[in-house]
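Written out below as structure tokens is the structure these notes cover.
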Amino acid sequence: MATLVHAGATSHVSGIIRTPDAHPEHSPRLDAAWTQMAAGITAADPDVVIVVAPDHYETFGPENLPIFCIGAADHHDPWNEHGIPGETVRGAEQTALALHDDLVHADFDIALSREMNLDHGFLVPVQRLGLEDRAIIPLYINCTTAPLPSLRRCRDLGLALRSAIERLDEGLRVAVLGTGGVSHWVGLPQMGEINEEWDRDFLARYARGDLESILGMSDAEITADAGNGALEIRTWVTAAACSGVAGAEVLAYAPMHAWVTGIAVAELEVAP
Amino acid sequence: MSVVGLCRLVRDLERTPTLPGEFLADPEVALSRYPLTAAERDAVLDLDAQRLVDLGLNPLPMRSLVTLLGVPNPQIYTHRLSLRPRG
């Protein structure tokens, strides 16, 4: 049986690596949080990191739009959209194929991509957490284009993912990282706003493992209160469900107006 | 489907370094390469963010489209720029 050795969730806006010192007070705290999470991942020493993230119309669009998709390849190239830094990462082709097979047999109709470039949603956290030399399995969740998978479906994906992970090869060490959020509006008139109150309330529920109350939020409510960018909490839900919903430590939160996003870093408790 | 055409236009603008300049030099010719409706062409020429969203373009690629064609990000809904010839 393989083991889930680390789980977490973080924002992925490009400012994290482009302008890391954007705020004199918030930046050091956020930096310390990512450094702490990176150390936690290093200590866990995963063979594979499953990065759960949306795509921002770089890989998927109206010509081909899955709800969920897993990438199985020996490497994943960056899009470097808008000049955002990022390098090719090593994939874990056979492990990803095994996960895909297991999920489909568990009645989870997840798509498969044998060539999946990655945008900043995947590669900003990979870089900030020092995961460039680790094998990465991208797990895409549609967080941008209605109809989105429900939060409950994303929870169920996380549960199925945990079972699939544990059926991987004996001794394999796996980490899961959800990316996106928290409050931000993208391409909408409210762009630039951050709802700190909403963010802190979401993080409080997340920290105490109260996934049920998060699942009760409607997309209309989330969009109105926290922006279309906050629909990315789907990846956080999947990561939490995968970890066993045992709560999390929010390592840092800051309303980073320079990055037009509420930024959070959370390390999940991995339940046995 | 023309929303596919709009998204293809966005990706080309992002990934072809010379295209934004070609576009700004002669937008009508550049647009003619994409299967867009007349309404979509007009919305692009007018750099009209709201109209593009109303026509079905997701705000994410819409934001990319408009900013790649010269509109500052904070002004995508308030600017007075246009790709149409002046006068």
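Tally the residues that are open to solvent by 20 Å² or more (accessible area, probe 1.4 Å) and of a type outside the set (Asp, Glu), restricting the search to segment A:257-267. Walk me through it before giving the result.
Looking only at segment A:257-267, we keep the residues that are open to solvent by 20 Å² or more (accessible area, probe 1.4 Å), and these are A:257-258, A:260, A:267.
Going one step further and asking which of them are of a type outside the set (Asp, Glu), we end up with A:257-258, A:260.
The qualifying residues number 3.
Residue-by-condition table, conditions (1) under 16 Å from the mean Cα position of the chain (by Cα); (2) without any contact (Cβ under 8 Å) to a residue 60 or more places away in the chain:
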site: A:Pro28; (1), (2): no, yes
site: A:Ala32; (1), (2): no, no
site: A:Gln36; (1), (2): no, no
site: A:Asp45; (1), (2): no, no
site: A:Val48; (1), (2): yes, no
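Restricting to segment A:222-236, name every residue that is within 11 Å of chain B (Cβ to nearest Cβ) and open to solvent by less than 10 Å² (accessible area, probe 1.4 Å).
A:Gly227, A:Gly229
Among (1) within 14 Å of chain B (Cβ to nearest Cβ); (2) at pLDDT below 95, where does A:Trp185 come up short?
So the condition that A:Trp185 fails would be (2).
Any idea which residue in segment B:31-69 is least open to solvent (accessible area, probe 1.4 Å), counting only those that are more than 14 Å from chain A (Cβ to nearest Cβ) and in a loop (DSSP other than H, G, I, E, B)?
Of everything passing the filter in segment B:31-69, B:Asp46 is least open to solvent (accessible area, probe 1.4 Å).
Would you call B:Thr37 at pLDDT 90 or above, of a type in the set (Ser, Thr, Tyr) and over 21 Å from A:Pro189 (Cβ atoms)?
On the way: at pLDDT 90 or above: yes; of a type in the set (Ser, Thr, Tyr): yes; over 21 Å from A:Pro189 (Cβ atoms): yes.
Taking the combined requirement at face value, the residue satisfies it.
Return only the number of the condition from (1) over 22 Å from A:Ala33 (Cβ atoms); (2) out of contact with any strand residue (DSSP E or B) (no Cβ under 7 Å at 6 or more places or on another chain) that A:Gln127 does not satisfy.
Among (1) over 22 Å from A:Ala33 (Cβ atoms); (2) out of contact with any strand residue (DSSP E or B) (no Cβ under 7 Å at 6 or more places or on another chain), A:Gln127 violates only (1).
Of the conditions (1) in a loop (DSSP other than H, G, I, E, B); (2) of a type in the set (D, E, K, R); (3) more than 22 Å from A:Asp55 (Cα to Cα), A:Glu193 satisfies every one except a single condition; which number is it?
(3)
Inside segment B:13-30, can you point out the residues that are buried (at least 16 other Cβ atoms within 10 Å of the Cβ) and more than 11 Å from the chain's Cα centre (by Cα)? Step through it out loud before you land on a result.
Residues of segment B:13-30 buried (at least 16 other Cβ atoms within 10 Å of the Cβ): B:13-14, B:19-20, B:23, B:27, B:30.
B:Glu14, B:Leu19, listed by residue number.
From the list A:Val124, A:Val104, which residue is under 16 Å from the mean Cα position of the chain (by Cα) and modelled with pLDDT of 95 or more?
A:Val124
Name, by its number, the condition in (1) open to solvent by less than 70 Å² (accessible area, probe 1.4 Å); (2) farther than 18 Å from B:Val4 by Cα; (3) part of a helix (DSSP H, G or I) that does not hold for B:Pro74.
Every listed condition holds for B:Pro74 apart from (1).
Among the residues of segment A:136-167, write down those that are buried (at least 22 other Cβ atoms within 10 Å of the Cβ) and assigned to a loop (DSSP other than H, G, I, E, B).
Passing the criteria: A:Cys143, A:Thr144.
Report whether or not B:Ser82 is of a type in the set (Gly, Ala, Ser), in contact with a helix residue (DSSP H, G or I) (Cβ under 8 Å, 6 or more places away or on another chain) and in a helix (DSSP H, G or I).
Against the criterion (of a type in the set (Gly, Ala, Ser), in contact with a helix residue (DSSP H, G or I) (Cβ under 8 Å, 6 or more places away or on another chain) and in a helix (DSSP H, G or I)), B:Ser82 does not qualify.
Which condition from (1) free of Cβ contacts under 8 Å to residues at least 40 places away in the same chain; (2) among the polar types (S, T, N, Q); (3) over 23 Å from A:His26 (Cβ atoms) is the one that A:Ser243 breaks?
Failing condition for A:Ser243: (1).
Please give the number of the condition A:Ala254 fails out of (1) closer than 26 Å to A:Ile136 by Cα; (2) touching a His at 6+ places or on another chain (Cβ under 7 Å); (3) assigned to a strand (DSSP E or B).
Evaluating A:Ala254 over (1) closer than 26 Å to A:Ile136 by Cα; (2) touching a His at 6+ places or on another chain (Cβ under 7 Å); (3) assigned to a strand (DSSP E or B) leaves (1) as the failure.
Are there any pairs with C-beta distances below 6 angstrom linking a residue in segment B:1-20 that is more than 8 Å from every other protein chain (Cβ to nearest Cβ) to a residue that is open to solvent by 40 Å² or more (accessible area, probe 1.4 Å) and not in a loop (DSSP other than H, G, I, E, B), with the two at least 6 apart or on different chains, and if so which?
B:Leu13/B:Leu68; B:Leu19/B:Asp12; B:Pro20/B:Leu68
Go through the residues of segment A:192-203 one by one and say whether even a single one is free of Cβ contacts under 8 Å to residues at least 40 places away in the same chain and within 16 Å of A:Val265 (Cβ to Cβ).
Within segment A:192-203, one or more residues are free of Cβ contacts under 8 Å to residues at least 40 places away in the same chain and within 16 Å of A:Val265 (Cβ to Cβ).
Anything in segment A:147-170 that is farther than 22 Å from A:Gly244 by Cα and either in contact (Cβ under 8 Å) with a residue 12 or more places away in the chain or among the β-branched types (Val, Ile, Thr) (or both)? List them, or say none. It would help to see each step written out before you state the result.
Of segment A:147-170, the ones farther than 22 Å from A:Gly244 by Cα are A:147-148.
Within segment A:147-170, just A:Leu148 meets the criteria.
Residue check, A:His184 against (1) closer than 30 Å to A:Asp47 by Cα; (2) assigned to a loop (DSSP other than H, G, I, E, B); (3) open to solvent by less than 30 Å² (accessible area, probe 1.4 Å), all met but one. Which one?
(1) is the only condition that A:His184 fails.
The values are calculated or read from the model by the stated rules, or taken from the named source; none is laboratory data. Values in this document were obtained by computation on a predicted structure and should not be read as measured data. No Cβ is skipped: glycine too gets one built from the backbone with ideal geometry, and neighbour counts run over all protein chains shown. Surface areas here come from the heavy atoms of the whole protein model, side chains and all, with no ligands, DNA or RNA. Shrake-Rupley method; radii C 1.70, N 1.55, O 1.52, S 1.80 Å.
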